[in-house]
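*Asks:* Quick one: structure below, then a few questions.
The values are calculated or read from the model by the stated rules, or taken from the named source; none is laboratory data. Just so it is clear, the structure is predicted and the values come from calculations on it, not from any experiment. Cβ placement follows ideal geometry from the backbone for every residue including glycine, while neighbour counts extend to all protein chains displayed. Side chains are part of the model used for accessible areas, which takes the heavy atoms of the whole protein and leaves out ligands, DNA and RNA. Shrake-Rupley method; radii C 1.70, N 1.55, O 1.52, S 1.80 Å.
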Amino acid sequence: MGELLQELKAAYGEDARFRDGQEEAIQGVLDGKRTLVVQKTGWGKSLVYFMATKILRKRTQGLTLIISPLLALMNNQITSAYKLGLQVETINSENADDWERITEKLKNNQVDALIISPERLANDGFKQMLSDGIVQIRLFVVDEAHCISDWGHDFRPDYRRIVDIIRMLPSNIPVLATTATANDRVIKDIKSQLGEDIEISRGSLMRESLEIQTIKLKTKEERLAWLTDHMGELPGTGLVYCLTVSDCQMVHKWLQENGISSRCYYADVEKDGEESKETIVSLFMENQIKVLVATVAFGMGFDKPDISFVIHFQKPGNLVAYYQQIGRAGRGINRALAILLRGEEDDQINRYFIDSAFPTEDLMADIVNAVREQPDPGLKMSDLEKIVNMKHARIKACVKYLMVEGAIYKEGSCYRPAPRQWKPDMEKSNKITEIRKKELREMNDFAGSRECYMKYIADILDDPASRECGRCANCLGHSLISEDIEQATLTDAQKFIRQDFNVILPRKQWPMGVKVNDYNKIQEEWRCQTGRVLSNYGDAGWGRLVIKGKYRDNYFDDQLVEASAELLRDFAEENEIQWVTSVPSLRRPELVPGFARRLADRLGLTYLDVIEKVCDAKCQKELNTNFFQYQNADQSFGVKQPLEGNVLLVDDMVDSKWTFTVCGYKLRRKGSGKVFPFALANSAGRNGDE
């Protein structure tokens, strides 16, 4: 019996056997080769580098350095390593209290493998540990290696730092890269960056346990209704993936209200006052809930073998991401369902993600020029938001991109210009954007395809073992689960979105760097109250009628007045609203006030025209940072006269909420009672959420 098989049996029992390709990949690493492993999720890629680590530690000093993109993935890897008796540590942003202890263990050669994020490679303290020899690398591992490639579905700028480290490694240090999602184009790109001599270990990506079906349901209301009508037919525990945070929250609340135990998971879920991520994941892993509703934040690193269904509330932007997400299911069971629901807003959200994936040349130039023109000590992020008209998330992404590219660098909390001149490679960015658009077309073709769904995906992934699965709805020639929805459930879903979810939550903070009455926090007596919104921009029904009235007719139909009055009648009475006013516009002076007068009449309330537009400033939708949007609203509006009594403040659209926030503040300062915002359509998030 060979050494590798002996180690495997010692860790996993006498019946343990290597999967096809595992032993060969491990031996390649031990022979000092550079290896790229492309195998489906659940195949056991972590076994390759942990088994190699165990053998190498017996032979020589030094440790395995593993680059991993997510904390959840790190934790999962550590659990796997313990089975082989390895001492594995991680240095990340959430365990700063342990860094000193871990550093001591590294100095004393008591760590077999160290897991870090790619961002850690830019950390001055960690770079010092490398240069001081505290971290002596014997094996270098890049997990989720598709993130290296510009052409990969999940490219991350920080992964570029990895290539620089690899190029500095001695030639006798083996490099192992692993991924479950790489087609021929991505593999070629990874080879060009890690070395053309890299050996490829590639297996079939077909997932025999998955049964795929796609269902077209135009509106969110229809998809919500489908979920509750059919959730009882789905066995075990599963996932519902949403494209945006707001949709995650909506689906979770809907399921809860319909007696289906669920939790919500996205990047900032803890900041929004929900349970800790650890608690949420624990409930899901232990089958204490039926459904976990999640964004792509729940993905790599969560190995639950008995997930029996994955439902997509909307289409993902490409088939590689879709394959990765449905691959969460059916790892340890013989049958799992993958149901793709698709609607009319899917492409709009995905196109936004595509268009915003790479910083524009103008945005990059604006940031670089702003940093270059600023004297010492440089610009903070809050300074950039006052100079560059772009959303915080995009400025942040652009700054990271520019730092990796070497155009700017960070010193303390300030960004400073690099000595060399730098120009963006927009030709490459444009080419990648075109590839993303092609991938979205492939996703749409897949959703409407009549051929085997799994073979379609495998062909896109250039899987040499591609074949018909014999299990999907197309192979079988019939639905795996009914597409029907009950009219009563649909009516409830429509009411839920209209009354229970379409709310306008008040802002509680002024923009970063802005203080009003010496407070950055908006004091409670000056805040708006929680308001209402009739529809989502562009949605079937009222949303489209709002667009028609605003951009074609310059008049909001009486149907919108009636629908708004129905929504607000009890709301106005419960909150003792006494009068109505509206947000004026110089471009369409009668559009919103005219609607608000008719609405006030239907509600039996007085209409007062008290807010005035004091200057013709920019449209809020043209501005992208909180600072610019606040400043624009603050300079644009004034209140004419002293007031009293609770008021309904009407506008046609709500997006950033700064117009409502500023007008509400000024109404309160003039003596009005509580201010309750109301908008005909919510345009915030129509392009997707981070």
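*Asks:* Counting other Cβ atoms within 10 Å, keep those with at most 13, restrict to DSSP loop, and tell me which trypsin sites (Lys or Arg not before Pro) in the range 250-332 are left.
*Replies:* Sites meeting the loop and neighbour criteria: 271.
*Asks:* Could you please report the charge total around residue 671, scoring K, R as +1 and D, E as -1 over all other residues with beta-carbon less than 13 angstrom from its beta-carbon?
*Replies:* Result for the neighbourhood of residue 671: +4.
*Asks:* Using 0.36 nm per residue of separation minus the Cα-Cα distance, give me the extension gain between residue 233 and residue 197 in nm, one decimal.
*Replies:* Full extension from residue 233 to residue 197 adds 7.9 nm.
*Asks:* Counting only heavy atoms of protein chains, what accessible area per residue, in Å², does the chain have with a probe of 1.4 Å? Walk me through the numbers before you get to the answer.
*Replies:* Working: 30150 Å² over 690 residues.
Accessible area per residue, the chain: 44 Å².
*Asks:* Just to confirm the filter: which GluC sites (Glu not before Pro) across the range 1-102 are DSSP coil and have at most 10 other Cβ within 10 angstrom of their Cβ?
*Replies:* 14, 94
*Asks:* Continuing with the same structure: Quick check: from the Cα gyration tensor, does the range 507-615 come out rounded (a/c under 1.5), prolate or oblate?
*Replies:* prolate
*Asks:* Report, for the chain, the % of DSSP beta bridges that are antiparallel, rounded to 5.
*Replies:* 15 percent
*Asks:* Under a point spin-label approximation (7 Å from Cα along Cα-to-Cβ), what is the residue 508-residue 171 distance to one decimal in nm?
*Replies:* 6.0 nm
*Asks:* For the pair residue 376 and residue 613, how long in nm is the line joining their label points, each one 7 Å along Cα→Cβ?
*Replies:* Those two pseudo-labels are separated by 4.8 nm.
*Asks:* Another question about this same structure. What is the local net charge at residue 556, summed over the other residues whose Cβ is closer than 12 Å to its Cβ (Lys, Arg +1; Asp, Glu -1)?
*Replies:* Values: positive: 548, 550, 552, 588, 597, 598; negative: 553, 557, 558, 562, 590, 651, 652.
With Lys, Arg at +1 and Asp, Glu at -1, the neighbours total -1.
*Asks:* Excluding residues on the same chain fewer than 8 positions from residue 304, give the lysines whose Cα lies under 19 Å from its Cα.
*Replies:* 40, 45, 83, 277, 290
*Asks:* Using 1/(1 + (r/R0)^6) with R0 = 45 angstrom and r between the beta carbons of residue 58 and residue 276, what's the FRET efficiency to the nearest 0.05?
*Replies:* Efficiency, rounded to the nearest 0.05: 0.70.
*Asks:* What is the spin-label model distance, in nm, from residue 588 to residue 433 if the labels are put 7 Å beyond Cα along the C-beta direction?
*Replies:* Spacing of the two 7 Å Cα→Cβ label points: 2.8 nm.
*Asks:* Something else about it: How big is the charge dipole of the chain about its Cα centre, in debye rounded to the nearest 20, if each Lys and Arg gets +1 on its Cβ and each Asp and Glu gets -1 on its Cβ? Spell out each step's value before the answer.
*Replies:* On the way: 93 positive and 102 negative charges, 223 e Å.
Magnitude of the dipole: close to 1060 debye.
*Asks:* A follow-up question, please. What is the gain in length, in nm to one decimal, between residue 635 and residue 208 on full extension, counting 0.36 nm per residue of separation less the C-alpha to C-alpha distance?
*Replies:* Numbers: separation 427, 0.36 × 427 = 153.72 nm, distance 6.14 nm.
Separation in residues times 0.36 nm, less the Cα-Cα distance, equals 147.6 nm.
*Asks:* Further, regarding this structure: Given a Förster distance of 51 angstrom, what is the FRET efficiency for residue 544 paired with residue 20, based on the Cβ-Cβ distance and rounded to 0.05?
*Replies:* 0.45
*Asks:* Same structure, new question: Might you work out the accessible area of residue 657 for me, using a 1.4 Å probe with all protein chains in place, and round it to the nearest 10 Å²?
*Replies:* 60 Å²
*Asks:* Amide H neighbours of residue 139 under 5 Å, at least 5 residues apart or on other chains, H built in the peptide plane: list them.
*Replies:* Here 63, 64, 65 satisfy the definition.
*Asks:* Now, a different point. Leaving out ligands, DNA and RNA, and with a 1.4 Å probe, what % of the accessible surface on the chain is carbon or sulfur?
*Replies:* Its accessible area is 44 percent carbon and sulfur atoms.
*Asks:* Compute the acute angle (0 to 90°) between the alpha-carbon long axis of helix 361-373 and the principal axis of greatest extent of the alpha-carbon atoms of the chain; round to the nearest 10°.
*Replies:* So the helix axis and the longest Cα principal axis differ by about 90 degrees.
*Asks:* For the pair residue 285 and residue 480, what calculated FRET efficiency results from E = 1/(1 + (r/R0)^6), where r is the Cβ-Cβ distance and R0 = 41 Å, to the nearest 0.05?
*Replies:* 0.95
*Asks:* Picking from 53, 489, 365, whose Cα lies most toward the positive end of the charge dipole for the chain (charges on Cβ: Lys, Arg +1; Asp, Glu -1)?
*Replies:* 365
*Asks:* On C-alpha positions alone, give me the angle between the axis of helix 558-574 and the longest principal axis of the chain, in degrees, nearest 10.
*Replies:* Tilt of helix 558-574: around 90 degrees.
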